[in-house]
Amino acid sequence: MRRLAGLLVVPLLLLSTAACGSDDKGSDSASMKNGLPAITAGEKFGEKPTLAKGVGDPPKDLKVNVISEGDGAVTKKGDALQVNYLGQAWDSDTPFDNSFDRGQPFALTLGAGQVIKGWDQGLEGQKVGSRIEIGIPPELGYGAKGQGDIKPNATLVFVVDILKATTIPKSAEGTEVAQENKDLPKVGTNTDGKAPSITVPKVDPPAKLVSNYVIEGKGEAVKATDTLTVQYKGVLWKDGKEFDSSYARGGAPATFQLAGVIPGWSKGLEGKKVGSRVLLVVPPGDAYGDQAQGPIPANSTLVFSVDILAKQ
């Protein structure tokens, strides 16, 4: 999914393992609390926080402080999370990014490598409804390269509100739908969590978007405003060569807002039921047009198998 620019939009958290650091509190002050910068305003869950500037040397290992503990389920790898956050460099008193101002929670799949390692590690094992503060050393953040306004070798501090966690099934599940059109690709119907096969016929691709059930689930219909968690595999029509797959990255599903993906996905998945496997055949006009995109040549028709595992 990361290769599909425009498919997954992750503000300032994309990839750029060490264990959590010591629980030593360190010296508390007006600027520091439990070894991390203090929240000087907006401390309650749901409020936009204000963080003090870090004092002294930052922690060398990942450090997680629970500001307020929720009473929801404990997060685990593979969960689809929705969070609000504010991020700031240790040596700064100015945030470089936050979701509170956007009024839109940030969605991710925990442990899928969609965010920096400090997030994947720091958010695991926390209760839904919690506010946590995470101190992230450079090697679990953006390292020596930095990212945008984030300087190289920066220690990062985040305040994160965990709003929701959804347990994700391993595969689509429902009623198999006959694939009778010999001029369209055939998609495997296995439900063991492994990538299905995609067989592309040796004919010219369709000129218009195709969105067909392979397995029809029983969940709610997807809306244009939904955030989806999916497993997917994409191949080129011209030679059947795989160019991207969530299965190939450890099997962790991808989470994204349907409004933030290529048109072939947003149009093709809207109205489909959660729990379904969908064949998408996406013509260039609904994909990347005459622009090459990594392993995708210009003017390519793309073929996807998409398992819609959950929506938020």
Charges only on Cβ, +1 for Lys and Arg, -1 for Asp and Glu: so what's the dipole of region 195-282 about the Cα centre, in debye to the nearest 20?
-> 100
Shape of region 77-149, Cα gyration tensor, a/c cut at 1.5 = oblate
Dipole axis of the chain (+1 Lys, Arg; -1 Asp, Glu on Cβ), positive-most option in Ala287, Val235, Gly264 = Val235
Under a 1.4 Å probe, counting only protein heavy atoms, Ser31 has an accessible area in Å², nearest 10, of 40
In terms of Cα to Cα distance under 12 Å, which aspartates and glutamates are near enough to Lys60, apart from those fewer than 8 places away along the same chain?
-> Glu139
Evaluate the charge dipole of region 134-222 about its Cα centre and quote only its size in Debye, nearest 20, assuming +1 on the Cβ of each Lys and Arg and -1 on the Cβ of each Asp and Glu.
-> 240
The rounded separation in angstrom of the Cα centers of region 168-214 and region 215-277 is 12
Share of Cα-Cα pairs in region 248-296 beyond 13 Å, in percent?
-> 69
Per-residue accessible area, 1.4 Å probe, largest first, puts Val66, Val306 in the order Val66, Val306
Along the charge dipole of region 114-217, which of Gly143, Thr166, Leu184 sits closest to the positive end, that is, farthest toward it, with unit charges on the beta carbon of Lys, Arg, Asp and Glu (+1, +1, -1, -1)?
-> Gly143
Hydrodynamic radius (Kirkwood) for the chain, which is based on Cα pairs only, to one decimal in Å = 20.7
Paramagnetic reach from Lys44 in region 96-132 [backbone N under 15 Å; point 7 Å along Cα→Cβ] | 131
Semi-axis lengths (Å, descending) of the ellipsoid that matches the C-alpha gyration tensor of region 146-189 | 45, 20, 8
Among Ala224, Gly275, Thr255 - extreme Cα towards positive end, dipole of the chain, charges at beta-carbon = Gly275
Accessible area per residue, Å², region 93-165 with all protein chains present, probe 1.4 Å = 36
Trypsin sites (Lys or Arg not before Pro) in region 179-265 lying in a DSSP loop, each with at most 16 other Cβ atoms within 10 Å of its Cβ, come to Lys182, Lys194, Lys202, Lys208, Lys218, Lys223, Lys238, Lys241
Share of region 174-303's accessible area from carbon and sulfur, percent, 1.4 Å?
-> 49
Under the Kirkwood approximation applied to all pairs of distinct alpha-carbon atoms, what is the hydrodynamic radius of region 176-312 in Å?
-> 14.9
Semi-axes, largest first, in whole Å: what does sqrt of 5 times each Cα gyration tensor eigenvalue give for region 65-189?
-> 35, 19, 13
Taking every C-alpha to C-alpha distance in region 188-245 and binning by 5 Å from 0, the per-bin percentages run 4, 12, 19, 26, 20, 14, 5, 0
Return the calculated 222 nm mean residue ellipticity for the chain, to the nearest 500 deg cm²/dmol, obtained by summing -39500 (n - 2.57) across DSSP H runs with n ≥ 4 and dividing by the residue count.
-> -1000 deg cm²/dmol
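The values are calculated or read from the model by the stated rules, or taken from the named source; none is laboratory data. Please read these numbers as outputs of a predicted model, since none were measured by experiment. A quick note on method: Cβ atoms are made from the backbone with ideal geometry, for glycine too, and the neighbour counts reach across all protein chains shown. Note: accessible area is taken over every heavy atom of the protein model, side chains too, but ligands, DNA and RNA are not part of it. Shrake-Rupley method; radii C 1.70, N 1.55, O 1.52, S 1.80 Å.
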